[in-house]
Amino acid sequence: MLEEQYMRRAIRLAGLGLGRTNPNPMVGAVIVKNGCIIGEGYHRRCGGPHAERNALASCTEDPAGAVMYVTLEPCCHQGRTPPCTDAILENGIAHVVIGSRDPNPKAAGGAEILRRNGITVTEHFLQDECDAVNEVYFHYITTGRPYVAMKYAMTADGKIASCTGASKWITGREARAHVHELRCQYTGILAGIGTVLADDPLLNCRAEEESSGLEDRLSESPRQPVRILCDSCLRIPTDSRICRTAGQYRTVIAYAHGTQKKRSALEALGITLLELPEENGRVSLPSLMDALGRMEIDSILLEGGGTLNEAMLRAGLVQKVYAYIAPLLLGGRDAKTPVEGIGFPTPGEGIRLSAPAVSSVGGDLLLEYRLCKFIY
């Protein structure tokens, strides 16, 4: 069916904006006239022209009377860019086929405006496939909180480090490169102070460096995520790599207690401090998610240790899991695992995951899950 082919092409185009449009949605548009594609485009970056305007600008002939296939309802408000409905009307598009409705009350209503101005509109076309493109955006708009994906690498016997604490490297080079590509896709990276004290990580995106020698490289310089740390008592050393590079990478530290001297020292380095309520002796994670949402941080890659992972899961703040599994056995009763804490008393009380999407990344496996059950 040609109509499905046109919309699926628009979906593929939308995906080209991955990691560039946040906190806006990814959108693709295809314009068809007399059975031929005469224009196409996608939303390339936040603040830039939307997919509909890029598609219209690319037209090889007059689009009057054409059909536009667009993955998300055209916006009808003045935001960072002018309304797309205006451009559609001005160019004489006759029929608009829409995949997803926009849940943002500011942007919604475009379909009705088009109808009122004489344009035929078809909605919910391949909606499930179009919705899947923007699961991050939909979650952020409807909850006001970031979409959180928990990532960890473990051995085949479930260890994220050996009994001595050594963790470099459990997975191979290809899996590590894939992680850096994920970091480019999410707006922020969240870690706990325990990870910083143990590993002194940089928590930036080094996709091009890590992908050296691989076929699939990013075509542009990687976007750097916001580095976010949970550090309830501001224990982070000022000579840590996070602090030393705070002028280069945007860094946010969430805390509940800290001396004025330490706060001043961190702020002098360019670090944004978020003082938040305390919950069970630590920073309130729901309060942190609310604060990050207000900062337009729409998505987070959670790279915490077992303690932070468990706390985020118990708070119902995780939507997805990336589990990299290496063909390695480490053993050790005291070796760390991805989710620690006191655990759940019975399997029935645990956190249920979806069936996984399974792929090979070099010599390692990647399992991708959605959360089916949340704890509140």
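Details
- Its residue count N sets the reference 2.2 N^0.38 Å, and the alpha-carbon radius of gyration of the chain equals 1.09 times that reference.
- Dividing the summed helix terms, -39500 (n - 2.57) for each DSSP H run of n ≥ 4, by the number of residues in the chain produces a 222 nm estimate of -7500 deg cm²/dmol to the nearest 500.
- Distance from the range 339-362 to the range 11-79 (C-alpha centre basis), Å: 38 Å
- Full extension of the chain between residue 108 and residue 334 gives 76.1 nm of extra length, using 0.36 nm per residue less the Cα-Cα distance.
- Derived scalar couplings ³J(HN,Hα) [the range 59-64; Karplus, 6.51 cos²θ - 1.76 cosθ + 1.60; whole Hz; x for Gly, Pro]: 4, 8, 8, 4, x, 4
- Accessible area per residue for the chain is 46 Å², calculated with a 1.4 Å probe on protein heavy atoms, without ligands, DNA or RNA.
- Amide N proximity, the range 121-154 versus residue 287 label position 7 Å along Cα-to-Cβ, cut-off under 16 Å: none
- For the chain: lysine pairs under 13 Å (alpha-carbon distance), excluding those fewer than 8 apart on one chain: 4
- The length gained on full extension between residue 142 and residue 12, counted as 0.36 nm times the residue separation minus their Cα-Cα distance, comes to 44.4 nm.
- Approximate spin-label separation residue 168-residue 135, in nm, with each point projected 7 Å along Cα-to-Cβ: 3.2 nm
- Rounded if a/c under 1.5, otherwise prolate or oblate - the range 1-138, Cα gyration tensor axes: rounded
- For the chain, relative contact order (Cα pairs under 8 Å, six or more residues apart, normalised by length) works out to 16 percent.
- Ranked from largest to smallest solvent-accessible area, with a 1.4 Å probe on the protein heavy atoms, 359, 162 come out as 359, 162.
- When peptides 76-88, 289-301 are sorted by average Cβ neighbour count within 10 Å, with the highest value leading, the order is 289-301, 76-88.
- Dipole of the range 69-163, positive end: most advanced residue of 79, 152, 126 [Cβ charges, Cα centre]: 152
- Sorted on the mean count of surrounding Cβ atoms within 10 Å across their residues, most packed first, peptides 192-199, 64-71 read 64-71, 192-199.
- For the range 315-331, backbone phi angles converted through the Karplus equation (6.51, -1.76, 1.60; θ = phi - 60°) give residue-by-residue couplings of 7, x, 9, 10, 10, 8, 10, 10, 10, 8, 10, 9, x, 8, 10, 10, x Hz, Gly and Pro being listed as x.
- Histogram of C-alpha separations across the range 231-344, 10 Å bin width, %: 11, 36, 35, 15, 2
- Counting only alpha carbon atoms, the long axis of helix 2-15 and the longest principal axis of the chain meet at about 40°.
- Between residue 224 and residue 198, the simple label model (points 7 Å from Cα in the Cβ direction) yields a spacing of 2.6 nm.
The values are calculated or read from the model by the stated rules, or taken from the named source; none is laboratory data. Note that the structure is predicted; figures quoted are calculated from it, not measured. In this analysis, Cβ positions are derived from the backbone assuming ideal geometry, glycine residues included, and neighbour counts consider all displayed protein chains. Just so you know, the surface numbers come from the protein's heavy atoms only, side chains and all, with ligands and any DNA or RNA stripped out. Shrake-Rupley method; radii C 1.70, N 1.55, O 1.52, S 1.80 Å.
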